[in-house]
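Single-structure report; data block below.
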Amino acid sequence: MRIAAVQMVSGPEVAPNLATAGRLVARAAAEGARLVVLPEYFPLIGADDAARLAAREEDGCGPIQDFLAEAAARHGLWLVGGSIPLVARDPAKLRNSCLVFDDAGRRVARYDKIHLFGFNKGDESYDEAATIEAGDAPVAFDSPFGRIGIGICYDLRFPELFRALGTVDLLVVPAAFTETTGRAHWELLLRARAVENQCYLLAAAQGGVHPTGRRTFGDSMLVDPWGEVLARLPKGEGVVAGELEAGRIAEIRGTLPALQHRKLT
């Protein structure tokens, strides 16, 4: 089963980013992908807090959600909508939400980012909790590709979240890692999550210099259950694709039944 991650360098305006995402999803579909993952904040990145809050949509209604449903149905593929800003309980904040649509354009899952990024080093500082309301529930869903778990960006640093999903065949991780943290830890964390859960991992990243000057690390990749990187894209927009093989998962779990050996749950 062919799966693909889209890498983008999104700007601060929604419409051109949707156009870019549409073009790259179409490319992935033309290459045979049956499931496509978009990056975190694919509709806008690098905007100020006010712009992100202004782009919030009500759950189930809005142009970004309409785009995702239409693209999934038009190309007949499962589409993991990276993350988009949705209305939160707190009117001063948003939810950083990943929405999943099946090949008929029906929404089948929603995950709200649980772990909110905080970083302060020199001139580089981030505090997602100032404007984002954290989610509180891990999410996995069933598909023709097997059971799929979702994490968003900073979630990657918390292995207990992925353990809470139970046994999955694929982890999808939309992200916008900073250049600083990505260079240090991105590949290490992706491969570790794949190895310890003995599953494929597909990471879709923001990757490059954004119009506002923000730098994201990129390096979207597909990792197999043994931790081998099957495909990657270091920087710039594009598509990373490869095969998800159920036999490979079974082989590794049979050879090294680590999931059966767990003592602490």
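The values are calculated or read from the model by the stated rules, or taken from the named source; none is laboratory data. All values reported here derive from a predicted model rather than from experimental measurement. Methodologically, a virtual Cβ is constructed for each residue, glycine included, from the backbone with ideal geometry; neighbour enumeration extends over all protein chains shown. Surface areas here come from the heavy atoms of the whole protein model, side chains and all, with no ligands, DNA or RNA. Shrake-Rupley method; radii C 1.70, N 1.55, O 1.52, S 1.80 Å.
Assorted remarks:
- Modelled label positions at R27 and D142, each set 7 Å beyond Cα in the direction of Cβ, lie 3.5 nm from each other.
- Only Lys, Arg, Asp and Glu carry charge here, each on its Cβ (+1 for the first two, -1 for the last two); on that basis the chain has a dipole of about 440 debye about its Cα centre.
- Whole-percent carbon and sulfur share, accessible surface of the stretch 74-160, 1.4 Å: 48
- Those residues of the stretch 138-169 whose amide nitrogen sits under 17 Å from the label point placed on R89, 7 Å along Cα→Cβ: 138
- The stretch 91-247 - accessible surface per residue (Å², probe 1.4 Å): 38
- Here K235 is the anchor, and no lysines lie within straight C-alpha reach of less than 22 Å, apart from those fewer than 8 places off in the same chain.
- Label positions at A51 and L188, each projected 7 Å from the Cα along the C-beta direction, are separated by 3.3 nm.
- Partner aspartates and glutamates for K263 [C-alpha distance under 15 Å; skip if fewer than 8 residues away on the same chain]: E160, E196
- Remark: C-alpha extents of the chain on the principal axes read 52, 43, 34 Å, sorted largest to smallest.
- Annotation: extensible slack from E251 through E58 equals 65.1 nm (criterion: 0.36 nm per residue apart, minus Cα-Cα distance).
- Beta bridges from DSSP with both residues in the chain: antiparallel share about 65 percent, rounded to the nearest 5.
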